[in-house]
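Written out below as structure tokens is the structure these notes cover.
The values are calculated or read from the model by the stated rules, or taken from the named source; none is laboratory data. What you are looking at is a predicted structure, and each value in this text was computed from that prediction instead of being measured. Using ideal geometry, Cβ is built from the backbone for each residue, glycine included, and neighbour counts are taken over all protein chains shown. Calculation scope for accessible area: heavy atoms of the full protein, side chains included, ligands and nucleic acids excluded. Shrake-Rupley method; radii C 1.70, N 1.55, O 1.52, S 1.80 Å.
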Amino acid sequence: MLVDSHCHLDFPELASRLDQVLASMQANGVGHALCVCVALDRFDSVLQIARSDPRFSASVGVHPDSPDAIEPDVATLVRLAADPKVVAIGETGLDYYRSEGDTEWQRERFRVHIRAARDSGKPLIVHTRAASADTIRLLREERADEAGGVLHCFTEDWETARAGLDLGFHVSFSGILTFRNARSLREVAARVPDDRLLVETDSPYLAPVPRRGKINEPAWVLHVAECLAQLRGRTLEEMAAVTTQNFFRLFSAARAPGDAH
Ligand SMILES: [Zn+2]
Ligand SMILES: [Zn+2]
């Protein structure tokens, strides 16, 4: 069984056809998907989706790409994270690629999320783009190792992965791994230890080869896992077992199929 550790089921491309999304997951051996929140005013939709099926779980957080979003505070995030369907804080982090001018608001928002993760005891989902040094610095300064988490949709270099691993973080790879021009990323993915690997789609975006250009969905995490298996010289079954075990260990509030607790 595979798990999609990061998708956006509340986005209109997927929210309008969740029955098909689930059927396609079933047909491709994908047993769980974590629906990641990007703004507080979307949290209700994310939570409703997570409650609609035991194969879904949710997070709570505000994406660094939205300067005008409702600003979260620690208490609000901790309160919303107390819902049993919420398994993580995020997505949060730093994105200097899309941001212009003063980015201090991003760093402050990121610190708030890290504090909320430590207070709530739920791990962080970290988005980092063109900001790896500051991302690692803030994770250290705010003692994110006490919360744990994942560097999601990883596209940075080995030094950044190494720094994240040293903080006890996991590293998650998306369909970008399958893109022709991603050779250096595949080299990074080959080096991440088994017990820290996750796979994701970040759907509806970033459809992997051979679905590139289509609307992505959780089922296609299969192609990410296939790519990872190939570059690490492992079978798909081994890669699925490893990444699924890592997912349910990291996001311990998520319930695996057949888990009665
Ligand atoms: Zn992201
Ligand atoms: Zn995302």
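State whether the residues of the range 136-155 include one that is away from ligand 2 (no atom under 16 Å from the Cβ), closer than 24 Å to Tyr205 by Cα and out of contact with any Asp or Glu (no Cβ under 7 Å at 6 or more places or on another chain).
no
Might you let me know whether the range 190-206 holds any residue that is among the acidic types (Asp, Glu), touching a residue at least 12 places away in the same chain (Cβ under 8 Å) and in contact with a helix residue (DSSP H, G or I) (Cβ under 6 Å, 6 or more places away or on another chain)?
yes
Please go through (1) within 13 Å of ligand 2 (Cβ to nearest atom); (2) at pLDDT 95 or above; (3) not in a helix (DSSP H, G or I) for Asp65 and return the number of the only condition it doesn't satisfy.
(2)
Residue check: is Thr178 out of contact with any Gly (no Cβ under 9 Å at 6 or more places or on another chain), more than 16 Å from ligand 2 (Cβ to nearest atom) and either small (Gly, Ala, Ser) or modelled with pLDDT of 95 or more (or both)?
It is true that Thr178 is out of contact with any Gly (no Cβ under 9 Å at 6 or more places or on another chain), more than 16 Å from ligand 2 (Cβ to nearest atom) and either small (Gly, Ala, Ser) or modelled with pLDDT of 95 or more (or both).
Failed condition for Thr243, given (1) under 16 Å from the mean Cα position of the chain (by Cα); (2) farther than 22 Å from Val36 by Cα, with all others met?
Evaluating Thr243 over (1) under 16 Å from the mean Cα position of the chain (by Cα); (2) farther than 22 Å from Val36 by Cα leaves (2) as the failure.
Condition first: assigned to a loop (DSSP other than H, G, I, E, B) and open to solvent by 30 Å² or more (accessible area, probe 1.4 Å). Now tell me which residues in the range 68-82 satisfy that.
Asp68, Ile70, Glu71, Asp73, Ala82
Please give the number of the condition Val87 fails out of (1) surrounded by fewer than 16 Cβ atoms within 10 Å (Cβ to Cβ); (2) hydrophobic (A, V, I, L, M, F, W, C); (3) part of a strand (DSSP E or B).
(1)
Hey, Asn216 hits all of (1) open to solvent by less than 10 Å² (accessible area, probe 1.4 Å); (2) at positive phi but one; which does it fall short on?
That leaves (2) as the condition not met.
Which residue pairs have Cβ atoms closer than 9 Å, lie 6 or more positions apart in sequence or on different chains, and pair a first residue in the range 140-168 that is over 18 Å from Glu91 (Cα atoms) and among the aromatic types (Phe, Trp, Tyr) with a second residue that is open to solvent by 20 Å² or more (accessible area, probe 1.4 Å) and part of a helix (DSSP H, G or I)?
Trp158/Ser184; Trp158/Glu187; Trp158/Arg191
If the Cβ limit is 9 Å and pairs must be 6+ apart or interchain, which residue in the range 1-24 that is within 16 Å of ligand 1 (Cβ to nearest atom) pairs with which residue that is open to solvent by 10 Å² or more (accessible area, probe 1.4 Å) and part of a strand (DSSP E or B)?
Ser5/His170
Can you tell me how many residues in the range 209-239 are within 16 Å of ligand 1 (Cβ to nearest atom) and not hydrophobic (A, V, I, L, M, F, W, C)?
Matching residues across the range 209-239 total 2.
Scan the range 149-181 for residues that are assigned to a loop (DSSP other than H, G, I, E, B), open to solvent by less than 10 Å² (accessible area, probe 1.4 Å) and within 23 Å of Pro208 (Cα to Cα) and jot them down.
Listed by number, the residues that qualify are His152, Phe154, Ser174.
Specify the residue that is farthest from ligand 2 (Cβ to nearest atom); the eligible residues are those in the range 25-48 that are open to solvent by less than 20 Å² (accessible area, probe 1.4 Å), under 21 Å from Val199 (Cβ atoms) and part of a helix (DSSP H, G or I).
Only one residue tops the list, namely Met25.
Among the residues of the range 188-207, how many are more than 20 Å from Asp10 (Cα to Cα) and not in a helix (DSSP H, G or I)?
Total satisfying the criteria: 4.
Looking only at the range 96-129, filter to residues that are surrounded by fewer than 14 Cβ atoms within 10 Å (Cβ to Cβ) and within 16 Å of ligand 1 (Cβ to nearest atom); which one of those is modelled with the highest pLDDT?
Filtering first and then ranking leaves Tyr97.
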